[in-house]
Every structure is written in structure tokens, then in C-alpha cells.
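Shown next, in C-alpha cells, is the structure this report addresses.
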Amino acid sequence: MSPTKSESRRRLGFARTARAARETRETRGRKPLSLKRVAACILKVVLIVHIAYIFLTTVFIISYKFNNPAFTILMPYRSIGYGWKLQKPIPVKLKQVPAYVRNMLVSVEDGKFYTHHGIDMEAFKRAKEINDRLGKPLYGGSTLTMQLARTLFLVPEKSYVRKYFEVIAALELELFLSKDRILELYFGYAEWGKGIFGIEAAARHWYGKGVASLTRDQSARLIALLSSPIKYSPTTLYKSAILRERYAYLTRRYVSPSQAASPDQSPALAPPPGDVVPGDDDAAPADALAPVGAFAPTDEVTPPGEVAPASDSPASDAPSGSQGSAVTTTLPAAGAAAVQGATGAIP
């Protein structure tokens, strides 16, 4: 063997030894993966997601104070995910929506809209109690502000994570926007059918005229439909127990308030369930309907400083308190038991 080859082998051996020693040192210096490090990484990711979400929603919400959204997250979700053809939303000024239509929406969806700050813990509690009795997460207890947050920034998939981010966005909406602006955006962008967003677009689609020209009965049908606008229409809402109850309540209170109830049926003075969890909007048995989302306040739900027409707030229709303590219904025994346990309001 020549000296040159021997020297080459010796150098190669030294290089391998040095590399092995270096790898050993790096291995020894590397800290083992611990639970604490994993938790720290997860916390960092969660923090980054929160900061990004809050920053983006804040920027959009501040812009919505002066401008209408070009689109909402729900729109591409329906268009791409479901392949629906979308109609262009038609934003409306709140003053274009008749006062009784505003009252209909607030009374049946969120009776405390003008007094809460985005969330209603009592509504959450009532929803949980009735969901426990139903054995399924049917009612969400979301306020109108939370529903708007879901429409603007999230998708209607059942998830506690989605509900959590919904609460965050709702608090931001209440922080930066007035109640009237929140209600205006709701009327302009709420989902009212497959590819239909906003009450003006819904009125033109279903009735061929603007919201200001709708009859009270037509308005009541559109407001009742909000709990399940994908599966039903204003002419088929009677197929859903929840929608029937909502429509009956709105009719008795706003359409024909002076109409006497039939001898075998007492008028339901408290609104039926408001916020139904997406996907389960017609899953409730007829005998389990109960006031969940919000109860009609003693006074009309017209915002302070605005006087509602006398026919919109008949004294006989008002429950004795925000919890509906004077509720009179004709629920069967099973439904009555569920409601009584949740509200203590069934006579």
C-alpha cells in the first residue's frame, strides 16, 4: 500500500471520528421534548391566532362603521362549499325597515338587544338547560350581535370554538358600532335562503317588492323564517314546528293583535326559541318548544327615543317580566316540564 493511500485512509478515519463526536455533542446538548415545552408551543400558537383574529376583525368592524361589507365569510362558504349561486346583497338603511319589522326581529330573536353588551348569559343558561332536557345541542342562546358576528366572520358549523370566536367578535361589534348600525348590518346581510342575504333581497326574491312595501303578514313570515332559511321558505314554514311557533307568535303580537284566540288555544305571550344551532333548526320535537333565545320585555322593544305604533305593543301581549314569568302556553306535558325546569314559568 502506498503512503498516499495510507494517509488518505487515516484522514478519512479522523474525519469520521470528528463527525461522530460532533453529533454526540449536539445530541447531548439537545433538550428532550417535555410536556412543558409542548404546552408552551401550543400556547404560543393560540396567542398568535387570537391576535391575528382580533386584529383583522377589529379592522373590518371599524370600516363597517362607515362602509357596508363587500362580502361576508358566509358568502364564499356557501358559494364554494355548497356551489350555490349567490344573489348580490342589497344593504338597507335602518330607517327603510318599518319599525314593526324591527320590533318583530328583536322580540323573537333577542329581547334584551338594547340593554346587553353583545352577550346574554341568561340566554346561554336557558339554552343549556333546555338542551340538556332535549338531549341534544339544539339552541345556541346567541344574541343578535353574536348572530351578526357569525354571519360576517365565521361559518355556521356547530363548535364550541366557533361559539368562542363568535363571542369575541360580538364584543368588538358592540365596542365599535352603535346598536342601530348592528341592526342595520343584520338586516342587510343575514341569510334568508339559498344564496339570499339581507331582508331587502329576500323581500324582492319571495314577494317581488322591497321590505318597505311588505304587508305585516309577509314581514312576519320572513322574520319567522330566520331560524331555518335554508330548509324552508315563507310558504313552507308551517312544516317546521319551530317556525310555526315563531310565525304564530309574530302574528298574534304584530299582525292581528286584537284577534281573539280560539277557545282551545291560549295565545303564546313569550316568543318561541330564537337562535337555533345551525344544522338542527328543525330537529326539535313539537312538545319541547320553549322560550330560549330572549323573552319579550314588559315594554315594547323599540329603541329609546322612538315611539312604536300602539298596535305593535298591545298591553295584553306583554309578559310580566323579562323572564316571561306570566307566560301562558298550550305546550304538552313533556314540553311544559322542560320549560318549567328551565324557566319556572309554566303555570
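Points to keep in mind about this one:
- For the pair region 196-261 / region 32-105, the C-alpha centres are spaced 26 Å from each other.
- Note on residue 213 and residue 40: with the Förster distance fixed at 56 Å, the Cβ-Cβ geometry gives a FRET efficiency of about 0.40.
- Candidate lysines for bridging to residue 194, where Cα separation is under 24 Å - those fewer than 8 sequence places away on the same chain excluded: 85, 88, 93, 158, 163, 209, 231, 239
- Near residue 88: Cβ cut-off under 13 Å, other residues only, Lys/Arg at +1 and Asp/Glu at -1. The net charge is +1.
- Viscosity 0.890 mPa s, temperature 25 °C, Stokes-Einstein D of region 161-222 from Kirkwood C-alpha radius, µm²/s: 187
- When 114, 186 are sorted by how many other C-beta atoms sit within 10 angstrom of their C-beta, beginning with the fewest, the order is 114, 186.
- Sorted by Cβ neighbour density within 10 Å, fewest at the top, the residues 154, 173, 35: 35, 154, 173
- Residues in region 132-153 reached by a label modelled at residue 53 [backbone nitrogen below 17 Å; 7 Å Cα→Cβ]: 142-143, 146-153
- Hull volume per residue, based on the alpha-carbon atoms of region 75-208 and their convex hull, is 125 Å³.
No lab work stands behind these numbers, since they all come straight from the coordinates. Please read these numbers as outputs of a predicted model, since none were measured by experiment. FYI the Cβ positions are ideal-geometry reconstructions off the backbone, even for glycines, and counts take in every protein chain you see.
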